[in-house]
Amino acid sequence: MPLPELPADRRHFIKVAGAVSALGALRAPHVFAQAGANHQFQVALVGAGGRGTGAAVDALTASGYPIKLVAVADVFKQKADESLNALRQQFANKPELIDVPEERCFIGFDAYKNAIDALRPGDIAIFATPLAFRWVHYQYAIDKGVHVFMEKPLVSDGPTGKRMLELAKKADEKNLKTAVGLMVRHCRARQELHQRIQDGEIGDLVAMRAYRMHGPVGTCFSNAKPAERDELEWQVQNFHSFLWASGGLFSDFYIHQIDEVCWMKNKWPVKAQALGGRHYRGDAVDQNFDTYAVEYTFDDGTSFFFDGRTMLGCRNDMSSVVLGSKGSAIVSASGHHPGKCKTFKGHKLDRDSTVWAYPQPEANPYQLEWQDFIDAIVHDTPYNEVPRGIEASLVTSMGRMAAHTGQEVTYDQMLNCKHEMAPGVADFAQTKEAPLTPDDQGRYPVPNPGKIRGREYSDKA
């Protein structure tokens with residue numbers, strides 16, 4: 001099979017005492033009332049790594065409504081066991097919140113079906129697996145009448161993006177709510193900053209820049225697979241290393257800042273050009289670059305510059321700034337939380353130029369996204385973040401593709417590209433066939449900009 005695209009701590013455990021329920025005063029809509037007596041939500045966790053475990057903690061502590069975990073699914077038993085042990089320790093004083101006996105801990109590529117089957121219509125499934133599995137799991141949840149919280153990114157290619165958009169329409173038709181883990185959109189500081197920008201406080205946005213530069217995280221860099229390991233399972237376990245599974249480190253790590261800056265602009269860029277490369281990588285066999293520099297261009301000609309670096313011993317920076325015709329603003333000062341959003345009367349980001357600063361401390365957006373999601377279910381208000389999540393994922397992929405092919409890539413090319421990264425993902429439980437196979441040295445195809453130009457993405461190839 002050809003190479004698809006030839007060419008910080010994400011969540012943490014939060015202890016919240018005494019969650020308050022206001023359900024007694026609510027008239028529950030039909031799809032919520034189906035969840036059972038006393039309107040208690042049941043949750044299934046599909047994908048029990050650190051990200052999924054943290055999402056489960058957020059669900060159980062932040063929503064303000066009765067909720068409990070009743071099923072867990074993962075490809076790896078060790079992951080499921082570690083997650084459940086951590087959750088039981090976290091909620092040792094409220095053991096009733098973790099109601100997952102051994103018979104509701106499911107292992108394997110089809111385990112998601114068993115976990116969702118353990119729910120009732122109107123309950124909630126959390127999807128925190130690598131993105132390649134997202135559409136398969138979402139389709140099953142919709143068929144079963146289950147609301148979904150899914151982690152970002154959602155897709156890494158055009159065909160899957162279109163498939164997910166169709167599934168989102170089906171979810172709306174069934175009045176199912178879907179949340180996407182771009183939690184910065186729920187940050188109250190960024191929401192106020194967004195409104196101030198729309199009200200003209202810093203004028204028209206003329207340029208934007210964002211950085212995510214730090215050492216290796218997750219599974220972005222991998223050495224050769226041990227001989228005794230199954231190929232498919234090893235690639236899934238090291239999903240950041242493989243473009244088919246995650247979109248690589250670019251999609252998984254950089255989407256937040258790309259999304260938040262485009263939100264402030266109220267537009268998605270129409271094209272991207274980029275640079276990138278691999279440095280000092282030794283025996284690494286993954287498919288990632290460790291430096292990326294992307295110029296996104298909007299339809300009005302303004303530019304957004306994104307720089308990513310995943311290297312030890314270098315300057316770290318994780319911030320986003322937008323520059324306007326009358327001033328500037330900090331979207332993220334250092335990481336996702338707290339935002340420490342500010343506006344300035346010029347382009348010097350100093351104390352003397354400050355116009356406005358959001359009061360500290362800030363509420364945690366990882367909790368706020370769950371509050372907003374559950375409120376939408378309980379009050380039966382329209383709520384489907386998938387279309388926006390698809391757009392953010394495709395814009396992110398557009399920048400990655402530009403770097404990996406050495407070509408200018410447009411949004412329309414990315415959306416309409418016919419190449420699908422993992423076409424056999426729905427059949428993994430039966431085929432056990434990995435989308436990529438290594439060469440005789442255990443290495444996988446890597447991007448070669450200019451040499452492998454990606455005809456699917458560039459009309460200049």
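Of the residues making up region 61-117, just one is buried (at least 21 other Cβ atoms within 10 Å of the Cβ), β-branched (V, I, T) and closer than 22 Å to E231 by Cα, namely V75. For region 270-303, a tally of residues being closer than 21 Å to S393 by Cα, acidic (D, E) and open to solvent by 10 Å² or more (accessible area, probe 1.4 Å) returns 2.
The set of residues from region 139-157 being crowded, with 24+ Cβ neighbours inside 10 Å and part of a helix (DSSP H, G or I) comprises just one member, A141.
Considering each of V409, V378, V425 in turn, give the residue that is of a type in the set (V, I, T), crowded, with 18+ Cβ neighbours inside 10 Å and under 20 Å from the mean Cα position of the chain (by Cα). Result of the check over V409, V378, V425: V425.
Residues checked against (1) part of a loop (DSSP other than H, G, I, E, B); (2) modelled with pLDDT under 95; (3) closer than 17 Å to F373 by Cα:
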residue	(1), (2), (3)
N38	no, yes, no
L60	no, no, yes
G64	yes, yes, yes
L69	no, no, yes
A80	no, no, no
N85	no, no, no
A92	yes, no, no
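In the set (1) closer than 24 Å to Q430 by Cα; (2) open to solvent by less than 10 Å² (accessible area, probe 1.4 Å), D58 fails one condition alone, (1).
Just to be sure before I move on: is E166 in contact with a Gly (Cβ under 9 Å, 6 or more places away or on another chain), acidic (D, E) and surrounded by fewer than 22 Cβ atoms within 10 Å (Cβ to Cβ) in the structure I sent?
No.
Scanning region 253-269 for residues that are open to solvent by 10 Å² or more (accessible area, probe 1.4 Å) and within 15 Å of V155 (Cα to Cα) yields one hit, F253. Is there a residue in region 187-206 that is under 18 Å from I255 (Cβ atoms), charged (D, E, K, R) and part of a helix (DSSP H, G or I)? Checking region 187-206: at least one residue is under 18 Å from I255 (Cβ atoms), charged (D, E, K, R) and part of a helix (DSSP H, G or I). Taking residues in region 197-217 that are farther than 18 Å from F344 by Cβ, and partners anywhere that are part of a loop (DSSP other than H, G, I, E, B), the pairs with Cβ atoms closer than 6 Å and at least 6 places apart or on different chains are M213/N316; H214/N316; G215/L312. Counting the residues of region 273-300 that are in a loop (DSSP other than H, G, I, E, B) and over 22 Å from G218 (Cα atoms) gives 3.
The values are calculated or read from the model by the stated rules, or taken from the named source; none is laboratory data. Fair warning: this is a prediction, and the values are worked out from it, not measured in the lab. Note that each Cβ is placed from the backbone with ideal geometry, even for glycine, and that neighbours are counted across all protein chains shown. Side chains included, ligands, DNA and RNA excluded: accessible areas come from the protein's heavy atoms. Shrake-Rupley method; radii C 1.70, N 1.55, O 1.52, S 1.80 Å.
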